[in-house]
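One structure below.
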């Protein structure tokens, strides 16, 4: 699937897909790892990893942190970055406008706020 040239169709397909929709819904509330999503949604981890990859490539979710255990295994945590989606129908075309939240910017702003001494 070409995410760049067919965004509207891909976005509608993601919302129609129960797993993708459930992943996006859960990750709007808090960050989840693939294994946590698999347990919470009762779906195979391979399905979760595939959906996460697609959603990340579509710029719908974002990896917000990666934890590495003592064995060197990585566990990535994700958040949905869609704040608002507006669907319009105009002259036979579907137009979708997405408002995203950049979670990395939020972290930087918080860090600056915490590191700035009070006056």
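The values are calculated or read from the model by the stated rules, or taken from the named source; none is laboratory data. This one's a predicted model, so the numbers in the text were calculated from it and none came from an experiment. Glycine gets a Cβ as well: all are built from the backbone with ideal geometry, and neighbour counts include every protein chain shown.
The table for this structure:
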quantity: Condition met for residue 15 (part of a helix (DSSP H, G or I), surrounded by 11 or more Cβ atoms within 10 Å (Cβ to Cβ) and at pLDDT 90 or above); calculated: no
quantity: Criterion violated by residue 69 - all others in (1) within 21 Å of residue 102 (Cβ to Cβ); (2) out of contact with any helix residue (DSSP H, G or I) (no Cβ under 9 Å at 6 or more places or on another chain) satisfied; calculated: (1)
quantity: Residues that are under 22 Å from residue 85 (Cα atoms), surrounded by 15 or more Cβ atoms within 10 Å (Cβ to Cβ) and out of contact with any strand residue (DSSP E or B) (no Cβ under 8 Å at 6 or more places or on another chain), drawn from region 28-55; calculated: 51, 54
quantity: Qualifying residues in region 80-104 (those that are in a strand (DSSP E or B) and surrounded by 12 or more Cβ atoms within 10 Å (Cβ to Cβ)) - the one modelled with the highest pLDDT; calculated: 80
quantity: Residues that are in a strand (DSSP E or B) and surrounded by 10 or more Cβ atoms within 10 Å (Cβ to Cβ), drawn from region 56-73; calculated: 61, 62, 63, 64, 65, 66, 67
quantity: Any hit, region 18-27, residues being loosely packed, with under 14 Cβ neighbours inside 10 Å, within 18 Å of the chain's Cα centre (by Cα) and modelled with pLDDT under 85; calculated: no
